[in-house]
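Okay, so here's the structure we're looking at.
The values are calculated or read from the model by the stated rules, or taken from the named source; none is laboratory data. Worth saying up front: this structure is predicted, and the values here are computed from it rather than measured. FYI the Cβ positions are ideal-geometry reconstructions off the backbone, even for glycines, and counts take in every protein chain you see.
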Amino acid sequence: MEIAIALIILVYILVKFQAFSFRYISKKEYEHYHDYLSKRFRYYCILIDDKERKKFIKRMLYMKDKKQFYSREGTVISEDMRILFSAAFTQITFGYDKVQLYNFDEVYIYPKTFYSRLVGAEVKGLTFKNGRIHLSWEDFLNGYIDEEDNINLALHELAHALYVDRFAGYSLPEWEHWENIATEEFNRMRNVDDHHFREYAETNMNEFWAVCVENFFEQPHSLREKLPHLYFATVGVLKQDMAVRKLSATNS
C-alpha cells in the first residue's frame, strides 16, 4: 500500500513538473524570437540583459504552447497573434517567480469590436472566470501602437484574468495593501472632476484595477508622480517597477 501511494505521488509530481516546465530553446530559435520581439514588442526592448530576455522568451513560448487560440467572426489565427498575445501574457506576469494565469487557457480573437449579448453592446474585450478571454485584434494592436495613451486592451483584460487567477479569494498582504490604497483613491475619484485615470476607472474596483495596470505599464513615471502610494502598491502586487525599467532602458 505504501509503495502504491508513493508511486501515485511520484506520478503526480512528474506530471505537474512536465506541465509547468519550459522546453529547450536552441540558439537559432532564441535569435529568431529575439529579433522578432525586438522589432514588434517594446516591453521586450527594455529588459535589462540577456538573462531577462531569455527568461522572457522561454515564458512567452510556454504561454504560446499552452494556450488555445480560437477564431471568431472570420479571424484567421496567425503566428503573429499567438506570439504577440503570449508576449502580453508574459509581460504582465514577468515579475513573478513562477508563471501565472494557468487557468486562462482559451483566447477568442475577433477582427474588431464585437457584440456581446451578455453586455448588450459592442465591446473590445471580455474576460470570464471560466478561463476564457475574448478580444478585438484591431484594438489589441492599437494598444501597442500607441503606448502613451494609457489604453491597452491586452493588459486590461489580462489584469482581470490575473485578479481572478491570483488575488480573488486569497489573503495576500500585497493585494490587501493595494486594495486599501486603491479604495481610497477610487472613492476620491468619484468626488472630483479632474483625475489621473480615465473615467472608465470609476465603473467599479475591478475596472479601476485594470485601468491602473494600463497606466502602470504605459506611463509609469506619471503614475508614480501623481499617485505615488498607488504606484508603489502596484509595484508590490506585480513584482516589477516599470518606472525603473524604463529609466534604465533610457540610460543604457
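Considering only the range 183-206, how many residues are under 22 Å from Gln91 (Cα atoms) and surrounded by 20 or more Cβ atoms within 10 Å (Cβ to Cβ)?
So the answer is 2.
Could you check, for the range 27-38, whether at least one of its residues is more than 18 Å from Lys239 (Cβ to Cβ), surrounded by 17 or more Cβ atoms within 10 Å (Cβ to Cβ), of a type in the set (Lys, Arg) and at pLDDT 90 or above?
Within the range 27-38, none of the residues are more than 18 Å from Lys239 (Cβ to Cβ), surrounded by 17 or more Cβ atoms within 10 Å (Cβ to Cβ), of a type in the set (Lys, Arg) and at pLDDT 90 or above.
For the range 118-127, which positions are farther than 15 Å from Glu73 by Cα and either assigned by TED's automatic domain parsing to the domain that holds Glu207 or not hydroxyl-bearing (Ser, Thr, Tyr) (or both)?
Leu118, Val119, Gly120, Ala121, Leu126
Select, from Glu106, Glu79, Glu122, the only residue that is surrounded by fewer than 21 Cβ atoms within 10 Å (Cβ to Cβ) and in contact with a Phe, Trp or Tyr (Cβ under 6 Å, 6 or more places away or on another chain).
It is Glu122.
How many residues are of a type outside the set (A, V, I, L, M, F, W, C) and not in a helix (DSSP H, G or I) when one looks only at the range 60-76?
So the answer is 8.
Could you tell me which residue of the range 44-59 is modelled with the lowest pLDDT, considering only residues that are part of a loop (DSSP other than H, G, I, E, B) and surrounded by fewer than 15 Cβ atoms within 10 Å (Cβ to Cβ)?
Among those that are part of a loop (DSSP other than H, G, I, E, B) and surrounded by fewer than 15 Cβ atoms within 10 Å (Cβ to Cβ), it is Ile48.
What do you reckon, is Lys112 surrounded by fewer than 15 Cβ atoms within 10 Å (Cβ to Cβ) and either of a type in the set (D, E, K, R) or under 20 Å from the mean Cα position of the chain (by Cα) (or both)?
Here the answer is yes, as Lys112 does meet what is asked.
Per-residue answers, yes or no, for (1) at negative phi; (2) loosely packed, with under 14 Cβ neighbours inside 10 Å; (3) among the hydrophobic types (A, V, I, L, M, F, W, C); (4) in contact with a Ser or Thr (Cβ under 7 Å, 6 or more places away or on another chain):
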{"residue": "Phe208", "(1), (2), (3), (4)": "yes, no, yes, no"}
{"residue": "Cys212", "(1), (2), (3), (4)": "yes, no, yes, yes"}
{"residue": "Asn215", "(1), (2), (3), (4)": "yes, no, no, no"}
{"residue": "Gln219", "(1), (2), (3), (4)": "yes, no, no, no"}
{"residue": "Glu225", "(1), (2), (3), (4)": "yes, yes, no, no"}
{"residue": "Phe232", "(1), (2), (3), (4)": "yes, no, yes, no"}
{"residue": "Val237", "(1), (2), (3), (4)": "yes, no, yes, no"}
{"residue": "Met242", "(1), (2), (3), (4)": "yes, no, yes, no"}
{"residue": "Leu247", "(1), (2), (3), (4)": "yes, no, yes, no"}
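Looking for whichever is in the same structural domain as Arg224 (by TED's automatic domain parsing), more than 20 Å from Gln91 (Cβ to Cβ) and either out of contact with any strand residue (DSSP E or B) (no Cβ under 6 Å at 6 or more places or on another chain) or not polar (S, T, N, Q) (or both) here; the options are Asn180, Asn130. Which one fits?
Result of the check over Asn180, Asn130: Asn180.
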